[in-house]
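*Asks:* Below you'll find the structure I mean.
Here, each number is a calculation from the coordinates, and none is a lab measurement. Owing to the predicted nature of the structure, the values given are computational and were not obtained by experimental measurement. Neighbour counts are summed over all protein chains in view; Cβ atoms, including those assigned to glycine, are modelled from backbone coordinates with ideal geometry.
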Amino acid sequence: MRNRFLLFLVFVGMATIQSKAQVVPVTTEQQLENLSETDESQLENDQYLQELRYFRLHPLNINAATADDWHQFRFVTDLQIQHFLRYRQAFGKFLNVYELQAVPSWDAITLRRILPYITVTNTPDAESLKRRLREGEHTLLARETRVLEDRKGYSSKITNGYRGSPDHVLLRYRYQYKNLLRYGVTADKDAGEAFGKGAQAKGFDFYSFHLFASNIGVVKSLVIGDYSVNMGQGLLQWQALSFKKSADAMAIKRQGAILQPYGSAGEYNFNRGVGATFKKKSFEVTLFGSLKRVSANLVADTIFNDDGVSSFLTSGFHRTPSEAADKSAIQQTSFGGNLTYSRNALRIGINGLAYQFSKGLKAKPEPYNKYEITGKQWSNLSLDYNYTFRNLHFFGEGAMDRRGSKAFINGLLLSANAKVDIALLYRNISPAYRALYGNAFTENTLPENEKGLYTGITIRPMPAWKLDAYADFYSFPWLKFRVDAPSRGQDYLVQATYQPNKQLELYTRFRIGKKAINHDRDSATNWVVVKPRQNWRLHFAYSINPVITVKARTEVVWYNKNGLDPETGFLTFIETGVKPFERISGNVRMQYFETEGFNSRIYAFESDVLYSYSIPAFANKGFRYYINLNYDVTRKLGACLRLAQVIYKDQTSIGSGLEEISGKKRTEVKLQVVYVF
C-alpha cells in the first residue's frame, strides 16, 4: 500500500512536467504509427530522429541548402524543394526565413513545421578539413531498458529459454559536422541476450561502425562501414526510413541520397562495406560493395546433404539457444551501382545490384510462396526518373529482377494553385517480381504482387486550415499469406487540421480500409472475405505558454462492423506538463483503452527518451500511463528516466510464449545518459 501511495505522489507531481528531450512533428508521429500498424512491429531505425535533433541544435542554412539537404526532412515534398530552388535562383539569397511564404506551394503549416530546423546565413564559412575535424559535435549515449515483471523465458525451468539478463543495453558514440563528416560506433544487447558468453562471446550481440564524408572534390559522398542504399522509388532497394500512406496526402515519393551512414541498432536492413558517389558536371556515379553475416532459419536438404535458408531473421533477437544458432547463419555478398544524369529539371538514373549467398534460399512449400527467391544468387535492374515542369513534378521507376519479372511505379505532384495540391501514383508490380530490400509506396510491405492507383489532395482554404484526403484502390493478382485467392482492397482517408499559430494544433481524421482475408471460422476450405476497418480520431495539442503544454486524443475503431464477429475499439489519453526549472523537464500521459479483440487494436505514438520512441498496440481493456523525466546535469550532460506501465482488467496473464507475464501488469523502466561536447 505504501509503494502505491508513493507512486501516486510521483504521478501527480509529474503531471505538470513536460519533456524537452525531443519534439517529433505530428505528421511524423502519424506516419510512424501507420508503419507500425502495417508491419505489426517496433521500428529500430532512429536515424531520422537523430537528424531532426541535430538540425534543432544546428539549423540548416537555407541559402546554401541543396536538394539532398532538404530531403532529410520527410515532411517537405520534392515539388516544394524544386520551387524553393527555382525561387532562390531567380531572386537571390534569402534575408529572412519568413520569405519562404512567397515560395509557391509552401503553405503556413509546412513553414511552422520546418522553422525549428532552418536559419539564414549570408556569409557561408569555408568548409576546410580542419573545421570538419575540430568543430563538429561529439555525442555519447548510454541507455538501459528493463521490464520489471518476470517473464516465462527467464525461468530456469524452460529448456529453450533466454540465456541472458532482461536488460536491453545500448551504447553509442557519434561525431557529426553538418552533413560533411560523420562517424560513430554502436553496441547493442537486446533483453534476454547473453553478454560475454555463448553466441555473444564478444560482449554485445551487435556492433556497428560508420564513417561518412561528403563534398571532397569530385567525391560527393564516401562511406565506410555500415550504410544504407536507397535507389529510385524503392523497387530495387530502399533501406532508410520511409513512409507510406498517411495523413500527409502529398508524401508519396521516395527522396533522399543514395548512400547514407547507418547508426541505428537494427541488425538487418543495412549494408556493411564501402560505397562512394562521384560527381562531374551533370553526371553522378555511385558504386558500393557489402559483405556481412545474416541471421536466418536453415532447413536441411537430405537429398543433397546441404542446408538452405527458409527465411531471414529480421528482429535481431538471439536470446534462446535456437535463436543463437541462427545468428550469422549465412554470408551475404552484395554489390551494385547507379549512374545518374541531371540537367535543369530532368533527372534520369540507372540502378543495378546483385547478391550472392553462401547457402541457397529455399522458401517454404506454400502456394503463396510460389514466386519467392530461390538459389544462391539474385539481381535487379531499374531505370528511374523525375522531371519538373512548372507546377508539375513527374517521377517513377521501372524495374526487372533476375527472372525477368517486372515492376513499375509512376506518379506526379501537381500544385494546381496556391491552395490546392494533387498527388497521383500508379503501380503495377508483377506477382513474380522480387526485391530483397525493396520498399516502395505500396500497400504490401514489400513491392510485389500488386496493382494500384492512389489519388491524394491537399486543400488550404485559409492560412490556418488544411484538408488532406486520399483514396487508394489496389488488387493482389496472386495469393498472399492468410489470403488464399487473388483479392482487392480500398483505403480512404480524410483529415482536417487547424493550426492558427505555433501554440495550437487540432486535427480530426476518419479512415476506412477494406481488405480481404481468409475466413477465420472452421471450414474445410479457406475462402476470402472482405473485412472493413473504420477509424475516427480527434487530436488536440496546445501550448498554454512557453512552460505548460497539454495534449489529448480520442480514437474509435470499428472492425467488420456489419459482418461476422464485429469488434469495436476505443482509446483516449491526456498528456500534460511544464518545464518548472531551467534544468528539469518531463511529461506524463494517462490513457484508457478498451477493445473487443486484437483486430480492433489501436496504435498510439508515445513520447520517450531522446532518440527513442515507442508505438504500442493496445487491445482488450486496461489503463496505461508513463512518466518521462529529464535532468540537465550540466550544459553538456543530461539524464532521462522513463517509467511506463500498462494495467489490464480481467486478465491473469500478459503476452504469450516466452514473453508471457503472470499477472495483469507490465512495467518498463528506461534510463539514459547523454553527453554532448
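*Asks:* Cut-off is 10 Å between beta-carbons; in what order do I216, I409, I118 appear when sorted fewest neighbours first?
*Replies:* With the fewest neighbours first, I216, I409, I118 line up as I216, I118, I409.
*Asks:* Which ³J(HN,Hα) values, rounded to whole Hz and listed in residue order, are derived for region 340-352 from phi using the Karplus coefficients 6.51, -1.76 and 1.60 in 6.51 cos²θ - 1.76 cosθ + 1.60 with θ = phi - 60°, glycine and proline given as x?
*Replies:* So the Karplus estimates, Gly and Pro as x, are 10, 10, 10, 8, 6, 9, 10, 9, 10, x, 10, 10, x Hz.
*Asks:* What length, rounded to one decimal in nm, is gained on full extension from Y175 through to N562, with 0.36 nm per residue of separation minus their alpha-carbon distance?
*Replies:* Extra length from Y175 to N562 when fully extended: 133.8 nm.
*Asks:* Still on this structure: What does the charge add up to near K280, with Lys and Arg as +1, Asp and Glu as -1, over the other residues with Cβ less than 15 Å from its Cβ? Walk me through the intermediate numbers first.
*Replies:* Numbers: positive: K220, K279, K281, R343; negative: E284.
For residues surrounding K280, the net value is +3.
*Asks:* Something else: Pairs of alpha-carbon atoms within less than 8 angstrom and 6+ residues apart define the contacts here; what relative contact order does region 111-210 have, in percent?
*Replies:* Rounded, it is 22 percent for region 111-210.
*Asks:* Amide H of A194: which non-local residues (sequence gap of 5 or more, or other chain) have their own amide H closer than 5 Å, using H built in the peptide plane?
*Replies:* So A194 has HN proximity to R163, G164.
*Asks:* Can you tell me the Rg and Dmax of region 102-163, counting just the alpha carbons, in angstroms?
*Replies:* Expressed in Å, the Cα Rg and Dmax of region 102-163 come to 25.3, 68.
*Asks:* Work out, step by step, the length gained on full extension between E37 and A325: first 0.36 nm times the residue separation, then minus their alpha carbon distance; give nm to one decimal.
*Replies:* Result for the pair: 100.7 nm of gain on full extension.
*Asks:* Apply the Kirkwood formula to the chain: the hydrodynamic radius equals the inverse of the mean of 1/r over all pairs of different alpha-carbon atoms; give it in Å with one decimal. Display every interim value, and only then the final one.
*Replies:* Values: mean 1/r = 0.0375 Å⁻¹.
Mean inverse Cα-Cα distance, inverted, gives 26.6 Å.
*Asks:* Give the residues of region 470-488 whose amide nitrogen is closer than 15 Å to a point set 7 Å from the Cα of N297 in the direction of its Cβ.
*Replies:* Taking a point 7 Å out along Cα→Cβ of N297, the residues of region 470-488 whose backbone N falls under 15 Å are 481-482.
*Asks:* May I pose another question? Would you order V23, V588 from fewest to most other beta-carbon atoms within 10 Å of each residue's own beta-carbon? Mind dumping the intermediate values first?
*Replies:* Details: V23 13, V588 25.
With the fewest neighbours first, V23, V588 line up as V23, V588.
*Asks:* Can you give the local net charge around T27? Use residues other than it whose beta-carbon is closer than 12 angstrom to its beta-carbon, Lys and Arg +1, Asp and Glu -1.
*Replies:* Residues close to T27 contribute a combined charge of 0.
*Asks:* So what is the orientation-averaged projected area of region 563-647, using the convex hull of its C-alpha atoms, in nm²?
*Replies:* Mean orientational projected area (region 563-647, Cα hull): 6.1 nm².
*Asks:* Could you tell me the calculated FRET efficiency between S342 and T652, based on Cβ-Cβ distance and R0 = 51 angstrom, to the nearest 0.05?
*Replies:* 0.25
*Asks:* How high is the relative contact order of region 469-617, given as a whole-number percent (alpha carbon pairs under 8 Å, six or more residues apart)?
*Replies:* That works out to 13 percent.
*Asks:* Give me the number: length gained by fully extending I574 to V185, i.e. 0.36 nm times residue separation minus the C-alpha to C-alpha distance, one decimal in nm.
*Replies:* Between I574 and V185, full extension yields an extra 136.3 nm.
*Asks:* Something else now. Using the alpha carbons of region 485-627, what is the convex hull volume per residue in cubic angstrom, as a whole number?
*Replies:* Per residue, the Cα convex hull of region 485-627 comes to 135 Å³.
*Asks:* Please list the helices of the chain that count as membrane-span-like by this rule: a mean Kyte-Doolittle hydropathy of at least 0.5 together with Cα atoms stretching 15 Å or more along the helix axis, each helix being a complete DSSP H run. Display every interim value, and only then the final one.
*Replies:* Details: long enough: 2-14 (18 Å, 1.32); 26-39 (20 Å, -1.11); 47-57 (16 Å, -0.72); 78-91 (19 Å, -0.57).
Length and hydropathy pass: 2-14.
*Asks:* Which value in nm describes the separation of the simple spin-label points at Q490 and M462, placed 7 Å from the Cα toward the beta carbon?
*Replies:* In this crude label model, Q490 to M462 measures out at 3.2 nm.
*Asks:* Roughly how many nanometres apart are two label points built 7 Å out from the Cα toward the Cβ at V120 and E149?
*Replies:* 5.5
*Asks:* With label points built 7 Å along Cα→Cβ from the Cα atoms of N96 and L381, find their separation and express it in nm.
*Replies:* 5.5
*Asks:* Shifting gears a bit: Using a Förster distance of 35 Å, how high is the FRET efficiency between K502 and Y268, based on the Cβ-Cβ distance and rounded to 0.05?
*Replies:* 0.35
*Asks:* Given an 8 Å cut-off on Cα distances and at least 6 residues of separation, report the relative contact order of the chain as a percent.
*Replies:* 13
*Asks:* OK, next. Can you tell me the FRET efficiency between I158 and L453 if r is taken as the Cβ-Cβ distance and R0 is 56 Å, rounded to the nearest 0.05?
*Replies:* The value I calculate is 0.65.
*Asks:* Please arrange R151, R112 by how many other C-beta atoms lie within 10 Å of their C-beta, fewest to most.
*Replies:* R112, R151
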